[in-house]
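A.B. asks: Have a look at this one before I ask anything.
The values are calculated or read from the model by the stated rules, or taken from the named source; none is laboratory data. If you're wondering where the values come from, they're calculated on a predicted model, not measured in any experiment. Positions of Cβ are backbone-derived with ideal geometry, glycine not excepted, and every protein chain shown enters the neighbour counts. We work out accessible area using only protein heavy atoms, side chains counted, and drop any ligands, DNA or RNA first. Shrake-Rupley method; radii C 1.70, N 1.55, O 1.52, S 1.80 Å.
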Amino acid sequence: MVVGTQQDARSLVREITAPWKGKQGGVIPVLQETQKQIGYLSREAMEAISEELSVPLAELYGVATFYAQFHLKPRGRHIIRVCRGTACHVRGSAKIMERIMSMLGIEENGTTEDLRFTLEPVACLGCCGLAPVVMIDEDTHGRLTDDPAKLQAFLDNYS
């Protein structure tokens with residue numbers, strides 16, 4: 001969902017928080033659903049959650065920054081995860097990461113301006129036999145190289 005205004009965010013948050021008003025344990029599920037709907041936890045959404053659940057804004061930010069699943073900045077439609085595990089590292093995942101960063105014009109954990117891609121390093125994807133491995137969304141791609149033409153063709157599959 002695209003939330004264009006502060007009022008849109010408040011309206012959405014009111015719907016999400018309604019079942020949790022006056023109950024304990026709603027902060028994480030509300031943050032999860034809000035992020036699912038908006039794509040990230042915007043300042044406007046966090047302020048609305050704080051008001052609707054009567055939870056201090058600082059406490060919400062404490063939860064959102066503690067758990068890696070929450071994001072406070074917009075993310076791309078497609079999440080690229082480059083494995084940094086030992087097998088992938090030995091087989092060139094660092095070069096693949098460098099090449100993708102160069103091709104997309106972003107840094108690690110960065111998002112392209114058009115919100116098409118977010119690039120993240122990960123400790124291990126558990127696919128050592130396919131090293132080096134990159135995941136885009138839920139798709140696993142193994143035995144990759146840093147060949148720019150092949151990587152470009154690979155990225156072009158995700159519009």
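A.B. asks: Taking the conditions exactly as written (of a type outside the set (G, A, S) and open to solvent by 70 Å² or more (accessible area, probe 1.4 Å)), does E120 satisfy them or not?
C.D. replies: The answer is no for E120.
A.B. asks: Hey, can you tell me all the residues within the stretch 1-24 that are part of a loop (DSSP other than H, G, I, E, B) and modelled with pLDDT of 95 or more?
C.D. replies: none
One line per residue, one yes/no per condition, for (1) under 30 Å from E15 (Cβ atoms); (2) of a type outside the set (D, E, K, R):
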residue	(1), (2)
E59	yes, no
V82	no, yes
M97	no, yes
T112	no, yes
D156	no, no
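A.B. asks: Let me spell it out: the conditions are (1) at positive phi; (2) within 13 Å of the chain's Cα centre (by Cα), and G105 meets all of them except one. Which number is the exception?
C.D. replies: Answer for G105: the failing condition is (2).
A.B. asks: Shifting gears a bit: Looking only at the stretch 54-84, filter to residues that are among the β-branched types (V, I, T) and not in a strand (DSSP E or B); which one of those is farthest from the chain's Cα centre (by Cα)?
C.D. replies: Taking the candidates together, the pick is V55.
A.B. asks: Sort through Q37, Q24 and tell me the only one that's loosely packed, with under 13 Cβ neighbours inside 10 Å and either touching a helix residue (DSSP H, G or I) at 6+ places or on another chain (Cβ under 6 Å) or more than 30 Å from C127 (Cα to Cα) (or both).
C.D. replies: Values: Q37 fails: loosely packed, with under 13 Cβ neighbours inside 10 Å.
Exactly one of Q37, Q24 is loosely packed, with under 13 Cβ neighbours inside 10 Å and either touching a helix residue (DSSP H, G or I) at 6+ places or on another chain (Cβ under 6 Å) or more than 30 Å from C127 (Cα to Cα) (or both), namely Q24.
A.B. asks: Within the stretch 68-110, how many residues turn out to be among the basic types (K, R) and over 30 Å from P19 (Cα atoms)?
C.D. replies: Taking the stretch 68-110 as the starting set, the residues that turn out to be among the basic types (K, R) are 73, 75, 77, 81, 84, 91, 95, 99.
Of the ones still in play, those that are also over 30 Å from P19 (Cα atoms) are 81, 84, 91, 95, 99.
Of the residues in the stretch 68-110, 5 are among the basic types (K, R) and over 30 Å from P19 (Cα atoms).
A.B. asks: Would you check which residues across the stretch 44-61 are within 21 Å of R75 (Cα to Cα) and either in contact with a helix residue (DSSP H, G or I) (Cβ under 6 Å, 6 or more places away or on another chain) or at pLDDT below 95 (or both) and list them? Can you show your working first?
C.D. replies: If we filter the stretch 44-61 for residues that are within 21 Å of R75 (Cα to Cα), which is where we start, we get 44-49, 60-61.
Scanning the stretch 44-61 gives E44, A45, M46, A48, I49, L60.
A.B. asks: Can you find a residue in the stretch 56-66 that is closer than 23 Å to D114 by Cβ and buried (at least 16 other Cβ atoms within 10 Å of the Cβ)?
C.D. replies: Checked the stretch 56-66: no residue is closer than 23 Å to D114 by Cβ and buried (at least 16 other Cβ atoms within 10 Å of the Cβ).
A.B. asks: Here's a follow-up. Cβ-Cβ distance below 8 Å, separation of 6 or more or different chains: which pairs start in the stretch 41-67 with a residue that is closer than 17 Å to I16 by Cα and end on one that is among the aromatic types (F, W, Y)?
C.D. replies: Every condition considered, the pairs that remain are L41/F70; M46/Y61; L53/W20; A64/F70.
A.B. asks: Another question, then. In the stretch 84-114, how many are within 30 Å of V30 (Cα to Cα) and buried (at least 18 other Cβ atoms within 10 Å of the Cβ)?
C.D. replies: 1
A.B. asks: Here's another thing I want to ask about it. Let me spell it out: the conditions are (1) open to solvent by less than 70 Å² (accessible area, probe 1.4 Å); (2) over 16 Å from R77 (Cα atoms); (3) in a loop (DSSP other than H, G, I, E, B), and G129 meets all of them except one. Which number is the exception?
C.D. replies: (3)
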